[in-house]
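Asker: This is the structure, below, for whatever I ask next.
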Amino acid sequence: MSTMTAVPHRTRYLRVTLTALLVAAVAVAAPFYFAPFQVFQLTMVLLYAVALAGLNLLVGFGGQISLGHGAFFAAGAYTAAVMLDRFDTGHLATLPVAAAACFLLGLGFGVPALRLRGLYLALVTLSFAVFLPPLLKRLEWVTGGSMGLTVDKLEPPAWSGLAEDQWTYFVVLTVTAAALLLARNLLRSRVGRALLAVRDNESAAEVMGVRLSLHKTLAFAWSAMFAGVAGCLYTWVIGFVSPDSFSFVLSITLLAGLVVGGLASLYGPLLGAAFVMYVPSVAQDISEAAPGVVFGLLIIAVMFVAPTGLAGLASRVPSVAARLHARPSALDRTSAPDRTSAPESRSEPASQPSAIPTPADPAPVDAEPVGAPPRTEKE
């Protein structure tokens, strides 16, 4: 029995390993095949995937709602920009500082959000995304005001032999892979199981010993940390930050991308990041007058086709294909005549009497001839 169980496990492990190696090979070869602008788009997809991975921890696995994720994204971007512009630090040194700063910011924001849920929590997080851009404009001596800050981009070392866009892509790819691996391990740890328990049933989780306040606050903190890392990568890639780049529309777009990609899915952030990056440009090409209308219609179309997101649609394709493949054979079996039972149904014994008497078959009574004398007891 154990051998039969181990064989599917080995097959699944081998399949996952081969898929991961194939994806890694494609990701490494991509910057050498595509044009510089397309490499830039792929880099943006990767950093958006980091932000959506953090939002997935809070919304998909934590069961809470947040419309202010773009504010944490902006906090990480401005932390890196201020360090590069004011203090002239290295690019790599800004990454842990932005992550730690946004973690503390999310921790502080998660404490007052403990007493809120549903629509009220969504409104509070949305207010954070609304008032942050005007605040950044007021702090002109730090953030540069409405003009923003311009910083240097990542420069490839001489030994790499890579162009600037290729080197930036590989650096962002490395950080993205580490962030997604961290999110995966976090969900498989005790903290991740506690988040799932809180999402499914808070009362049952509390009875089992899960501290609701601690894990809800940590969900906000981890989510903000991933958003801060994505914002830092944004500063490295773009080389410019301004308050108008981080309006509340960014928060709504990130949430829509996560829902389209797939909530509570490890692959949903990648699919949602591709949706956030490419669909607005497609909408702009379709209608330059109203790209927002086309973007909204595309979201509705995707939600109609895949209610559980693109990740759920991709997981249902093999089962649907197997079901369609098995359906013709089932129909053939039901429509084929039963040759073994056919002769028995057609032939009936001739000597078998009928259960219901008819005029042709009179009732079996002992009739006497007319005029015969009555029978005696001896007869």
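Asker: Among the listed residues PHE61, PHE34, PHE40, PHE72, identify the single one that is free of Cβ contacts under 8 Å to residues at least 24 places away in the same chain and in contact with a helix residue (DSSP H, G or I) (Cβ under 9 Å, 6 or more places away or on another chain). Give the derivation first.
Answerer: Working: PHE61 fails: free of Cβ contacts under 8 Å to residues at least 24 places away in the same chain; PHE40 fails: free of Cβ contacts under 8 Å to residues at least 24 places away in the same chain; PHE72 fails: free of Cβ contacts under 8 Å to residues at least 24 places away in the same chain.
Only one candidate passes the filter, namely PHE34.
Asker: Let me ask another. Which condition number does ARG86 fail, the rest of (1) touching a residue at least 40 places away in the same chain (Cβ under 8 Å); (2) under 20 Å from VAL142 (Cβ atoms); (3) open to solvent by less than 70 Å² (accessible area, probe 1.4 Å); (4) in contact with a helix residue (DSSP H, G or I) (Cβ under 8 Å, 6 or more places away or on another chain) being met?
Answerer: Condition (3) is where ARG86 drops out.
Asker: Any residue in the range 159-175 that is within 16 Å of CYS232 (Cα to Cα), in contact with a Gly (Cβ under 7 Å, 6 or more places away or on another chain), open to solvent by 40 Å² or more (accessible area, probe 1.4 Å) and not small (Gly, Ala, Ser)?
Answerer: Within the range 159-175, not a single residue is within 16 Å of CYS232 (Cα to Cα), in contact with a Gly (Cβ under 7 Å, 6 or more places away or on another chain), open to solvent by 40 Å² or more (accessible area, probe 1.4 Å) and not small (Gly, Ala, Ser).
Asker: So, THR43, is that one outside any loop (DSSP other than H, G, I, E, B), of a type in the set (Ser, Thr, Tyr) and touching a Leu at 6+ places or on another chain (Cβ under 7 Å) or not?
Answerer: No.
Asker: Output the residues belonging to the range 46-71 that are within 19 Å of TYR234 (Cβ to Cβ) and of a type in the set (Val, Ile, Thr).
Answerer: Matches in the range 46-71: VAL50 only.
Asker: A further question follows. So, of the residues in the range 25-53 that are of a type in the set (Phe, Trp, Tyr) and more than 24 Å from the chain's Cα centre (by Cα), which turns out to be least open to solvent (accessible area, probe 1.4 Å)?
Answerer: PHE34
Asker: Of (1) in a helix (DSSP H, G or I); (2) out of contact with any Ser or Thr (no Cβ under 9 Å at 6 or more places or on another chain), ARG117 satisfies all except one. Which?
Answerer: Result: ARG117 fails condition (1) only.
Asker: Of the numbered conditions (1) open to solvent by 80 Å² or more (accessible area, probe 1.4 Å); (2) under 22 Å from the mean Cα position of the chain (by Cα), LEU123 satisfies every one except a single condition; which is it?
Answerer: So LEU123 meets the others, but not (2).
Asker: Give the residues of the range 125-154 that are of a type in the set (A, V, I, L, M, F, W, C), in contact with a Leu (Cβ under 9 Å, 6 or more places away or on another chain) and under 14 Å from PHE246 (Cβ atoms), sorted by residue number.
Answerer: Scanning the range 125-154 gives LEU126, PHE128, ALA129, LEU149.
Asker: Identify, from the list SER242, SER251, the residue that is polar (S, T, N, Q) and surrounded by fewer than 24 Cβ atoms within 10 Å (Cβ to Cβ).
Answerer: Going through SER242, SER251 in turn, the sole match is SER242.
Asker: Another one. For LEU181, only one of the following conditions fails: (1) under 16 Å from TYR48 (Cα atoms); (2) open to solvent by less than 50 Å² (accessible area, probe 1.4 Å). What is its number?
Answerer: Here LEU181 clears every test but (2).
Asker: Residues in the range 222-239 that are open to solvent by 20 Å² or more (accessible area, probe 1.4 Å) and of a type in the set (Gly, Ala, Ser): how many?
Answerer: Selection size over the range 222-239: 0.
Asker: May I ask you to list the residues in the range 115-144 that are out of contact with any Gly (no Cβ under 6 Å at 6 or more places or on another chain), closer than 27 Å to PHE40 by Cβ and not polar (S, T, N, Q)?
Answerer: Across the range 115-144, the qualifying residues are LEU132, PRO133, LEU136, GLY144.
Asker: Which ranges mark the helices (runs of 4 or more DSSP H) fully within the range 128-227 that have 2 or more residues being among the aliphatic types (A, V, I, L, M) and either touching a Lys or Arg at 6+ places or on another chain (Cβ under 9 Å) or on the phi > 0 side of the Ramachandran plot (or both)?
Answerer: 190-200
Asker: Among the candidates THR17, THR11, single out the residue that is assigned to a helix (DSSP H, G or I), open to solvent by less than 60 Å² (accessible area, probe 1.4 Å) and under 24 Å from ARG184 (Cα atoms).
Answerer: The unique qualifying residue is THR17.
Asker: If you don't mind, there's one more thing I want to ask. For the range 184-201, name all the residues that are surrounded by 15 or more Cβ atoms within 10 Å (Cβ to Cβ) and either at pLDDT 90 or above or touching a Gly at 6+ places or on another chain (Cβ under 6 Å) (or both).
Answerer: Those that are surrounded by 15 or more Cβ atoms within 10 Å (Cβ to Cβ) and either at pLDDT 90 or above or touching a Gly at 6+ places or on another chain (Cβ under 6 Å) (or both): LEU186, LEU195, ARG199.
The values are calculated or read from the model by the stated rules, or taken from the named source; none is laboratory data. From a predicted model like this one, the values you see are computed outputs, not experimental measurements. Heads up, the Cβs are rebuilt from the backbone with ideal geometry, glycines too, and the neighbour counts pull from every protein chain shown. Areas reflect the complete protein model, heavy atoms only, side chains present, ligands, DNA and RNA absent. Shrake-Rupley method; radii C 1.70, N 1.55, O 1.52, S 1.80 Å.
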